[in-house]
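The values are calculated or read from the model by the stated rules, or taken from the named source; none is laboratory data. What you are looking at is a predicted structure, and each value in this text was computed from that prediction instead of being measured. A quick note on method: Cβ atoms are made from the backbone with ideal geometry, for glycine too, and the neighbour counts reach across all protein chains shown. Quick note on the areas: whole protein, heavy atoms, side chains included, nothing else; ligands and nucleic acids left out. Shrake-Rupley method; radii C 1.70, N 1.55, O 1.52, S 1.80 Å.
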Amino acid sequence: MYFFLTNLSSVDISAPSVIVSKALVNHVLGSKSISYTECMIQIYFFITFINMDGFLLSVMAYDRYVAICHPLHYTRMMKPRLCVLLVAISWVITNLHALLHTLLMVRLTFCSHNAVHHFFCDPYPILKLSCSDTFNDITAFTVGGLTSITPFTCITVSYGYILSNVLKFPSIQGIRKALSTCGSHLTVVSLFYG
């Protein structure tokens, strides 16, 4: 769990840094512009870190599932190698997803007015400025939807299994202990998806 928390806190520090650093530079210089290259880099890293949050929360939900539903097999099931593999797969998926978005955004052409009136480069306003066909971008957003829904589904399924297992516990104290283990994670999931 601490390995996952370390990764989650690193990602949670990095995600705002992608936007805030440029906002601070703009504030100090009195500028409100961002170059096209900086915009694409910002989109790439922002999508990577935001998606990584969801994937790490789903991996942590699986960790809680194993800890509560299979406590005697926890150390056998959640070996350090599996933990590293789950995080590495999450990084690969989120980076590929961000790369897809960024590469499709780079292919767009802009006819005239190309100022985005936002404090960071959001893909949606950039799509509105484009005069090229955005069918490929619709595909990217569909993939983006799947990339967002998949971790949420994994979290929901994990907690469904946890709840069904916890309700089989004979004592109220056992139920309370199991649910208190999940309380902080459920709070973070609620804040993230809420």
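A few remarks follow.
- Checking Thr102 against (1) surrounded by fewer than 17 Cβ atoms within 10 Å (Cβ to Cβ); (2) of a type outside the set (A, V, I, L, M, F, W, C); (3) touching a residue at least 24 places away in the same chain (Cβ under 8 Å), the condition it does not meet: (1)
- One residue stands out in the stretch 22-34 among those that are touching a helix residue (DSSP H, G or I) at 6+ places or on another chain (Cβ under 9 Å) and either of a type outside the set (Lys, Arg) or not in a helix (DSSP H, G or I) (or both): the one that is farthest from Ile93 (Cα to Cα), namely Ser31.
- Close pairs from the stretch 80-97: first touching a residue at least 12 places away in the same chain (Cβ under 8 Å), partner assigned to a helix (DSSP H, G or I) and open to solvent by 80 Å² or more (accessible area, probe 1.4 Å), Cβ under 7 Å, at least 6 apart: Cys83/Phe3
- Number of positions in the stretch 50-61 that are at pLDDT 95 or above and either of a type in the set (Phe, Trp, Tyr) or closer than 16 Å to Leu104 by Cβ (or both): 1
Residue-by-condition table, conditions (1) in a helix (DSSP H, G or I); (2) open to solvent by 20 Å² or more (accessible area, probe 1.4 Å); (3) over 23 Å from Ala178 (Cα atoms):
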| site | (1), (2), (3) |
| --- | --- |
| Ile50 | yes, yes, yes |
| Asp53 | yes, no, yes |
| Ser58 | yes, no, no |
| Ala61 | yes, no, no |
| His73 | yes, yes, no |
| Arg76 | yes, yes, no |
| Arg81 | yes, yes, yes |
| Leu85 | yes, yes, yes |
| Ala88 | yes, yes, yes |
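- Of the residues making up the stretch 172-192, just one is surrounded by fewer than 14 Cβ atoms within 10 Å (Cβ to Cβ) and in contact with a helix residue (DSSP H, G or I) (Cβ under 9 Å, 6 or more places away or on another chain), namely Gly174.
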